[in-house]
1. Quick check, is B:ALA151 open to solvent by less than 20 Å² (accessible area, probe 1.4 Å), away from chain C (no Cβ under 14 Å) and touching a residue at least 60 places away in the same chain (Cβ under 8 Å)?
2. Of the conditions (1) of a type outside the set (Val, Ile, Thr); (2) open to solvent by less than 40 Å² (accessible area, probe 1.4 Å); (3) assigned to a strand (DSSP E or B), A:ASP21 fails just one. Which one is it?
3. Restricting attention to the range B:245-262, which residues are open to solvent by less than 30 Å² (accessible area, probe 1.4 Å) and free of Cβ contacts under 8 Å to residues at least 24 places away in the same chain?
4. Report, ordered by the first and then the second residue, all pairs with beta carbons closer than 6 Å, sequence separation of six or more or different chains, a first member in the range B:82-93 that is touching a residue at least 24 places away in the same chain (Cβ under 8 Å), and a second member that is in a helix (DSSP H, G or I).
5. Please list, ordered by first then second residue, the pairs with beta carbon atoms under 7 Å, 6 or more apart or interchain, first in the range B:219-244 and within 16 Å of B:GLY11 (Cβ to Cβ), second among the aromatic types (Phe, Trp, Tyr) and crowded, with 24+ Cβ neighbours inside 10 Å.
6. Considering the range B:190-213 alone, what residues qualify as being open to solvent by 20 Å² or more (accessible area, probe 1.4 Å) and in contact with a Ser or Thr (Cβ under 9 Å, 6 or more places away or on another chain)?
7. Residues of the range C:317-348 being open to solvent by 40 Å² or more (accessible area, probe 1.4 Å) and either modelled with pLDDT of 80 or more or among the small types (Gly, Ala, Ser) (or both), which ones?
8. Could you tell me which numbered condition B:LEU261 fails, if it satisfies all but one of (1) within 11 Å of chain C (Cβ to nearest Cβ); (2) over 20 Å from B:GLY33 (Cβ atoms); (3) at pLDDT 90 or above; (4) outside any loop (DSSP other than H, G, I, E, B)?
Amino acid sequence: MTLLRTVGLTKRFGGVTAVDDLSIELGDVGITALIGPNGAGKTTAFNLLCGVLPPSSGTVEFRGRDVTGQPPHRIAVLGMARTFQNLELFGDMSVRDNVMVGAGAHLRGGIVSAALRLPRHRSDERAARERSDAVLERLGLGDVADRPASDLPYGLQRRVELARALATDPALLLLDEPMAGLSGGEAAEVAGAVRAIGVPTLIVEHHVETVMALSDRVLVLNFGRLLADGTPAEVRADPAVVEAYLGAEDAA
Amino acid sequence: MAELLQSLVTGLTLGAMYAMVGVGFVLIYNVTGIINFAQGEYLMLGAMTAVTLVAAGVGLPLAFLAAVGVAAAVGGVVERVAIRPARGASIETLILITIGVSITLNGVALLVWGVNPRRYGPFTAGPPVELAGAALSRQSVWVFAFTALVAGALWWFLERTTSGKAMRACAMNPEAAMLQGISSSRMSLYAFLLATGIAGATGMVLVPITSASYNMGLPLALRGFTAAVIGGLVSPLGAIAGGLLLGVAEASAARFVSSGLKDAIAFAVLFAVLVLRPQGLLRLRLASRV
Amino acid sequence: MSWPWRLAGWALFVLAGPALLALAGQVPFLTSGRLVFLAITALAAVGLCLIMGFAGQVSLGHAAFYAVGAYASGILTAGYGVPPIVALLAGMVLAGAAAAGVARAVFRVSGHFLAMATLAFGLILYYSLGHFRTVTGGNAGRGGIPKLAIGSWEATTDTRMFLLCWALVVLGVLVARNVVDSRTGRALRATGASEVAAGCCGVNVVRAKVGVFVLGALYAAVAGSLYAHYVTYIAPEEFGLLKSIQFLVVATVGGLTSVWGGPVGAVVLVLLTEASREAIPLFVEGATGPYELTIYGLVLVVVLLLFNRGIAGGIAHAWRARGRGGGGDPEPLAEDATGRPVPREVAP
């Protein structure tokens, strides 16, 4: 079944076309990698998918609904969660509160029920709390749940972002360079966690080898255009990809 | 027709004052990213200094220099003591600091000079100048001349001198400017000195029209800010044009709508521009960023 | 904090009211009448802390909602004989509606632009109060407003009025705490830290901000009603920019990110300014006018430069740091945890 479909997705910044006529389709299983040289438009593509940026043209369809131009929170509530390349944690808040923000995505109680402590508020809080604690346990963050997120070492902060995204109960997870700045061991841990989660995932990553091993399918972007689409083995063998990206990487 | 012309002339006089205050906002905003809420207080300091000296028998030219000197000196000290230490703080904190500075200067002025407004006469005595049926006070002529002089001098400074070019570079791209060896700290100080100095001079020139009092700064600062916003907040020329436009609008509103509502109308303009067109109403091609 | 500590804190807070009242009899410069203004200021400031500390929106127009509450009370009770408590509620409804409209408009912009837009709104209302004489009484103001009464109980003395106001401050802080400590509160703190990330977590950023802006305005409206019924006379003078700035200073000095910021800031500033009104004339001969402004300004700058969390925020932070056993701030992380250049709101 199709989970996500983009048709002719394009984003121009002034004279620069960051994402150019991107049409992709993701099913509701497996891990798909989105790779490409620096400036290929990967992060911009993410921002278009989850509504952080409106596209210049083209459409995004998620779970059978046209979400083009919808605000991020509506797309998030529909089930798309993401992490950020440059961590966007809520630094002063505790790890648990960070995750509870995600867990609150599907709750409906508002400011009035909170101000007056109506029964609605109590049941909401309990649900968010239980969901968060389950996710924290699962990602091994139970011990640091009460620490401010900004106090944690970098590797754990990356994991808190993942926990926060998972707490929204996503149907699709977008991970923007989840291994950036991590040691080899930590990167492997993250890869293992992503595999174990079992939620369909679109992952942008610079560690080409890690991502090739992790993914079922690889999309290659170059200058905002889709250059290749296939299994890791197919992509690796594609001469265009080798020239545009892998070759350059080797040379560097 | 004469009535229309008269409100145009009145409006332009008001507008020239707003323009000068607006220029100060632009200079500081461009170089430091701060809206200096205290901008009006430097105008007040200039006016008060000049009034005090003139009352003590000092001549106008010397009083002018003293007004500029005192305002710029206080501006420089404030930049070093209150603004510089907070660099890197959030925009919210910086706004609050400049508000604190504004209240403090206000309170100190009140303690030093008391509540009563003071004034001196126009620079040149004589009846108003007749202009196709509209009357233009002699001091208004001075205000126009002063505005033109400041605009010209600013243009020359920013376009023709090394310091001015450095300041512009700093505004356009702080990082590149730093790589060129331009100290953003020094440029921030220069911007404050320049903007507060201009404010002090403006205050001195305005005394015969508005009189000087400890609380004269804020209303003018708010209009100067409106002028700067109308002009897009990044160009001194835009601020001048914005000031003239606002002055004429206000004078027309006072004459043709209701004088009691002219203030409400001025701030409705500010509100509308901020909310609907924060990039400013005027897109002046030649108005280079500072 | 464990519950006995928390309970002790609240007990201390509730008792601070009577304690202030007892103090008022002892200290020359503090009267129970001043305490009523202190409580009214504190209440408005609690609302402003919500707006500024939790929605991250500098508001320079808080006095506008204070004015809406005051004028609703004044006009309805003095002009139409409506019972004060009904007028107070009507003021809240009006202020809430006004705040919702203003918030929708001004939240299109941020930073300086938002601050100045709220300022402009406040001034528009202020000048309108002076202009539309038939409704507001114009610059001469409007008198004959009855004292606050709830049923047969009337706030006829300063002591009664203060105790009522203090009870409302306690209630106000409690409601603020409830909101901060909820999904909405977390969503707002999250929005303050990273608007993009909050949105991607399903937080409806605009709704959360508008909601808290409206809530904050309700505090100001109640404070305004209390003012009108206490003084029994209202004129635009009380509701100008200076009042907005006074609320702002009280909230900031108390601590924007703490629900206690309002009362703490009000107590500190009112004591300081009242004392300074006694002290300054000893040094400056013939001082007149609102010279206690100097203290407001100085305290604001000093607090912002030295402890930018405000007094209540600083104490809470120190308490938490103590609980963690580790002093000092955590090491800065990643490239953008440190000095990212201040973004300009509008691209040139």
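1. Values: open to solvent by less than 20 Å² (accessible area, probe 1.4 Å): no; away from chain C (no Cβ under 14 Å): yes; touching a residue at least 60 places away in the same chain (Cβ under 8 Å): yes.
Criteria not met by B:ALA151.
2. (2)
3. B:ALA253, B:SER258
4. Close Cβ pairs (under 6 Å, with a partner that is in a helix (DSSP H, G or I)) amount to B:ILE91/C:GLY111.
5. From residues that are within 16 Å of B:GLY11 (Cβ to Cβ), the pairs are B:ARG223/B:TYR18; B:GLY224/B:TYR18; B:GLY224/B:PHE25; B:ALA227/B:TYR18; B:GLY243/B:TYR18.
6. Result: B:TYR190, B:ILE209.
7. C:ALA318, C:GLY323, C:GLY325, C:GLY327, C:GLY328, C:ALA334, C:ALA337, C:GLY339, C:ALA347
8. Among (1) within 11 Å of chain C (Cβ to nearest Cβ); (2) over 20 Å from B:GLY33 (Cβ atoms); (3) at pLDDT 90 or above; (4) outside any loop (DSSP other than H, G, I, E, B), B:LEU261 violates only (3).
The values are calculated or read from the model by the stated rules, or taken from the named source; none is laboratory data. Keep in mind the model is a prediction, meaning the values are calculated, not measured. With ideal geometry, Cβ positions are generated from the backbone for all residues, glycine too; neighbour counts draw on all protein chains shown. SASA here: full protein model, heavy atoms, side chains in, ligands and nucleic acids out. Shrake-Rupley method; radii C 1.70, N 1.55, O 1.52, S 1.80 Å.
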